[in-house]
1. Mind checking which residues of the stretch 573-595 are touching a helix residue (DSSP H, G or I) at 6+ places or on another chain (Cβ under 9 Å) and surrounded by 15 or more Cβ atoms within 10 Å (Cβ to Cβ)?
2. M227 - would you say it is part of a helix (DSSP H, G or I), touching a residue at least 12 places away in the same chain (Cβ under 8 Å), in contact with a Gly (Cβ under 6 Å, 6 or more places away or on another chain) and surrounded by 13 or more Cβ atoms within 10 Å (Cβ to Cβ)?
3. One residue is enough: does the stretch 292-299 have a residue meeting the conditions in a loop (DSSP other than H, G, I, E, B), on the phi < 0 side of the Ramachandran plot, surrounded by fewer than 13 Cβ atoms within 10 Å (Cβ to Cβ) and not assigned by TED's automatic domain parsing to the domain that holds C579?
4. Please return the ranges of helices (runs of 4 or more DSSP H) entirely within the stretch 433-512 where 3 or more residues are within 17 Å of Y61 (Cβ to Cβ) and touching a strand residue (DSSP E or B) at 6+ places or on another chain (Cβ under 9 Å).
5. Please state which of the following conditions D239 fails to meet, knowing it meets all the rest: (1) among the acidic types (D, E); (2) surrounded by fewer than 20 Cβ atoms within 10 Å (Cβ to Cβ); (3) in a helix (DSSP H, G or I).
6. Hey, C599 hits all of (1) in a helix (DSSP H, G or I); (2) modelled with pLDDT of 90 or more but one; which does it fall short on?
7. For the stretch 401-428, how many residues are more than 18 Å from A384 (Cβ to Cβ) and assigned to a loop (DSSP other than H, G, I, E, B)?
8. Under 8 Å between Cβ atoms, which residue pairs at least 6 apart in sequence (or on different chains) link something in the stretch 463-478 that is closer than 20 Å to A383 by Cα with a partner that is part of a loop (DSSP other than H, G, I, E, B) and basic (K, R)?
Amino acid sequence: MHPLLAIESSQSILLLGNEAIARGALEAGVAFATAYPGTPSSEIALQFFQISRESDLYFEYSANEKVALEMAAGAAMCGLRAMTSMKHVGLNVAADALMTLAYTGVNGALVLVVADDPFMFSSQNEQDTRWYGKLSGLPILEPSTVAEAKEMTLSAFDLSESLKLPVLLRTTTRINHASGMVTMGPLRERIVKGAFEKDPMSYVCIPAVSRELHPKLLDKMGRAAAMADESPWNRIEGDGRWGIVCNGVSYGYVSDAIHELGAADRFKVLRVGFSHPFPEILTHWFLEGCEKVLVAEEGEPYLQEAVRNCAHRNGMMLPIHGKGEGLFSRLYEFDPTTVKRVISSYFHLPFTASASIRTDDLPEVPARPPNLCPGCPHRAAYAAVREVFGDEAIYPTDIGCYTLGLLPPLRMGDFLIAMGAGIGTAGGFARATGRKVVAFIGDSTFFHSGLSPLASAVYNNHDFMVVILDNGTTGMTGHQPHPGVDLRHLNLERAPVSIEAAVKGLGVENLLTVNPFKYRKTVAAVRELARHPGVSVLIARAPCPLYERTLPHYRKRRPFRVNAAKCRGHKVCLSKLACPAFFAAEGQVGIDPDRCTGCALCAQLCPENAIMPARDKEAAR
């Protein structure tokens, strides 16, 4: 039995934040869960995927975040308790549906977990999801600890069911990927069968209907505002004359800082966990006893704006600051030292930074830039395309592990903004420059958001090549399935959607499929497609080496070695491929047998044929 199902009520256990969120949903009786994987949210979906295989919980990895939200919305409209999870940029994809779903509301409960990524550990921006709550008119809850993430998830379902609205549970990386002790509660019985009562004048959002629904949403938000003022997730601690308003992980940093500064008795802290609608009455009460206020929040000045507005409406003139020069930055994550320094500076408290750990007697840590894994088929595809087009072509790319191809020596990434935009921007580059354009997109991303721009390109007679890097999984986020993945090895009957059939169905006439590890054939295929005007597609298909190890047919291949007697030191293997299995020692190139996957790509490029399969003893290392 899955651990999150087996743990008994009242037992405490160490959980990852995302595991705690999943457990909270289970305690709330979640019956229907969907997701598109995106770090730092991915482990939530993993729990549900595993649990759905041994329970009556329904879960699916949807083609993209919009589909995931719409699926969950359909279940919630039928009275079920549903959850969907995604990362912050995924909400951009789902936002079209979310804005109007706020008008219709739901009949059961719908919790939308959105994981923000301050510092952009694995994201193309660090947008602040809280503005979506304001934009859509939906409640937002923000946990400050792992234990609270579990309890707040449970509360989010109750709040959604009470208001008949979707609720946003906004987390950040330090909540999702931290671990903490969590006390389990009872598992609520799941209701897995619902019913839908037709009511077009409430659910079909033509203009006449929406004009009636918008006032109802505003009324619900008025009720939610009253709940926010009374919510246990919003609370005042202390009774000093100096005020600090904080949320999320900042609350922990603030609590530690004021105690370490020896001034806890001089502070009053307003911790905001139910952040939209903003708790106006509670905040007014908090401000009344303060001489000055500091707002500590990662990301944008969301709380700062709300606190200042509250003070202005109530004719209060005290200083309220947060973001600004010498204070908190709108960039990146906070850390305990930063929060302590800003508090001490703003309130004129003595502050002594902790002494740095001496490292001058340690050797310098070698640089380790992000790189494609040893044996990654994307490296082979990139090398083949570069051999044909070199630096002359423009290479718009996409979101996935293959994005790492932008670094030397591959240098196969010239523009990247969003999923699907590799194909979407290619036509613009081609029309504007007249140069050859080769767009890269992964298999999961192709199903996520590559179909529409490809259809548009065919219809509008654009001229560029698309390389679909098909490694048989969603590689970057942990090998989740997508509509093109065969799951029969897990005894799950899913009919994989053929990428070839999809491409042909969209009207692409020039289509070839290759195994990129057959290097010369791949180069020939690229040259062949380059001859044809219009949109052409190359599918470069070979399994992700990490994912392949989990498959039942996997057989480890013999690693390769460098024959020093034949090697002439041209280092083509390094200058063209830079596979992490290579190393250089005393001027001689070598291959680490423990890292080599035996893909044989390097052997095909070596001009002296000095790379060959390892001997038995070397292979056994």
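The values are calculated or read from the model by the stated rules, or taken from the named source; none is laboratory data. Since the model is a prediction, treat every value here as computed from it, not as a measurement. Glycine also receives a Cβ, built like all others from the backbone with ideal geometry; neighbour counts cover every protein chain displayed.
1. Across the stretch 573-595, the qualifying residues are C573, K576, L577, A578, C579, A581, F582, V589, I591, P593.
2. Judged against the criteria, M227 is not a match.
3. no
4. 443-449
5. Every condition holds for D239 apart from (3).
6. (1)
7. Residues that pass the stated criteria total 5.
8. Partner pairs satisfying both residue conditions: F464/K436; M465/K436.
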